[in-house]
Amino acid sequence: MDLVNSLEGRLLFAVPKKGRLLQAALNLLEGADIQFKRENRLDIALVKNLPIALVFLPAADIPTFVGEGRVDLGITGYDQVQEHDAGVRAIARARRMSNEWSPKDEKPQGCDTIIDLGFGSCKLQVQVPAKGEYQTSKDLIGKNIGTSFVHLASEYFARLELEQEGIKVDSTASYAGRKLRTKIIELSGSVEAACALGVADGIVDLVESGETMKAAGLKAIDTVVETSAILIKSKAPSNPAMVDLIHARINGVITAQRYVLCQYNVPRAQLVEATKVTPGKRAPTVTSLEEDGWVAVSAMVEKKRIAPVMDDLTKVGATDILVLDIHNTRGS
C-alpha cells in the first residue's frame with residue numbers, strides 16, 4: 001500500500017522488464033541521470049532525483065498501458081506498437097460489424113512516438129523452411145502460419161488474399177479483422193521451431209542477425225515491419241513538462257552516442273578546406289591561436305565517420321588532431 005500511495009504525483013514511465021531491449025534501455029536511463037534502485041521482485045521503482053516512477057512491464061504490453069493512459073511514457077519496440085495498433089483496428093472492425101458500436105464509443109486512445117532510440121534494430125519477417133516448396137508469401141495463402149504477432153500477420157495475409165482475388169489493395173488502409181483463408185496460429189515462444197515440429201508451414205517472427213533463423217533451417221521471404229526501440233507517450237500525459245524534460249535528456253544521450261568532438265589546429269589559409277571536412281552539426285567553432293596565421297577548430301563529427309575525417313584533415317594541413325568523447329548534450 002505504501003508503494004501505491006508513493007506513486008501519487010509521479011510520472012509513470014514503462015520500461016521493458018526483460019528481453020532484448022532491457023539492458024540498452026537501462027543504459028539510456030543511466031545516461032539521462034534517471035536515478036533509481038529496483039528492489040528484487042518488484043516491478044515498480046521510484047526515481048530518486050525526479051518525480052517519476054519506473055514501471056517494468058513486458059515490452060508487448062507497454063503500448064497498451066501507454067495507449068490507455070495508464071502510464072505516461074514507455075520504451076518499447078516499434079513492432080510492438082504496430083501489433084497493438086493492428087489489434088485495436090481488429091476490435092474496432094468487429095464492433096462496427098455488430099450492434100455493440102456507436103460513434104460515441106470512440107475515445108481518444110493510442111500513443112505518440114517521440115523519438116527513435118537507435119537500438120534494438122531488427123525485422124519482422126515471413127520465414128519458411130530453406131529447403132521447402134514455398135518461395136513467396138503468396139505460396140502460404142491458405143496455410144498455417146505461426147507467430148506471436150497475430151494482428152500484424154493477419155493484416156499482412158489479408159492484403160495478400162485480396163490481391164490474389166484481384167482486389168486492389170490500399171497500402172494505407174486497415175484490413176484488420178477480415179476473415180482469412182490463411183490460419184494464423186498464436187505462439188508465445190520458440191516460434192522458429194514451429195515449422196520443424198509440423199505446427200506451421202511458415203512463421204512471422206523477428207530477425208536480428210539471422211543466426212537463429214538459419215540454425216532452425218529457415219529463410220526469410222518477405223519483411224512485414226522494420227523495427228527498433230522507440231520512446232512513446234500517451235495522448236494525455238499527466239505531466240507534459242516532465243515528458244519534455246525526459247525527451248530532452250534522452251535525445252541528448254542519443255546525440256552524444258552518435259557524435260564525437262574533433263579538435264585540431266590548421267593554418268588560416270586552409271580553414272575553408274578544413275571546415276568542409278568538418279562542417280559540424282550546426283557550424284564549427286573557430287578560435288585564433290597565439291601563433292599568427294593559425295586557428296583552432298572544434299566540430300562535432302559522426303562517430304562512424306571519424307577515421308576518414310582525420311585522414312582528410314591531415315591531407316589539408318591540419319595538425320594536433322584530437323578526438324574527444326561526448327557524454328551528454330542538449331539542443332537539436
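A few comments on the model shown:
- Inter-centroid distance (Cα atoms) of segment 233-283 relative to segment 158-231, Å: 38 Å
- Near the amide H of Phe119, within less than 5 Å, lie the amide hydrogens of Ala229, all on another chain or at least 5 residues away, with H placed in the peptide plane.
- Scanning residues 5 or more positions from Ile114 or on other chains, those with amide H under 5 Å from its amide H are Leu231, Ile232, Lys233, with H placed 1.01 Å from N in the peptide plane.
- Only Cα pairs under 8 Å and 6+ residues apart enter the sum, and on that basis the relative contact order of the chain stands at 20 percent.
- Long-range HN-HN contacts of Leu218 with modeled amide H, under 5 Å: Ala130
- Inter-probe distance in nm under a simple model that places probes 7 Å from Cα toward Cβ, at Arg89 and Lys17: 2.9 nm
- Of all aspartates and glutamates in the structure, those lying under 17 Å Cα to Cα from Lys168, and not within fewer than 8 positions of it along the same chain, are Glu155.
- With Cα atoms, 0 to 90° folded angle of helix 22-31 axis to the chain main axis: 30 degrees
- Subset of Lys138/Lys179; Lys18/Lys233; Lys138/Lys214; Lys18/Lys214; Lys48/Lys304; Lys123/Lys233 violating a 26 Å alpha-carbon distance limit: Lys48/Lys304
- Residues in segment 260-270 carry Karplus couplings, in order, of 10, 9, 9, 10, 7, 9, 8, x, 4, 5, 9 Hz; the curve used is 6.51 cos²θ - 1.76 cosθ + 1.60 with θ = phi - 60°, and Gly or Pro positions show x.
- Estimated distance in nm for a label pair at Thr223 and Lys48, the labels positioned 7 Å out from Cα along Cα-to-Cβ: 4.2 nm
- For Lys303, the aspartates and glutamates whose Cα falls under 20 Å of its own Cα, not counting residues fewer than eight places away in the same chain, are Asp116, Asp311, Asp312, Asp320, Asp325.
- GNM flexibility winner over the chain from Thr76, Thr227, Thr275 (Cα, springs under 10 Å): Thr275
- Here the extension length gained between Val323 and His247 equals 24.6 nm, from 0.36 nm per residue of separation less the Cα-Cα distance.
Any read-out appearing in this document is the output of simple, stated calculations on the displayed coordinates, not a laboratory observation. All values derive from a computational prediction rather than experimental measurement. All Cβ positions, even for glycine, are placed from backbone atoms using ideal geometry, and neighbour counts span all protein chains on display.
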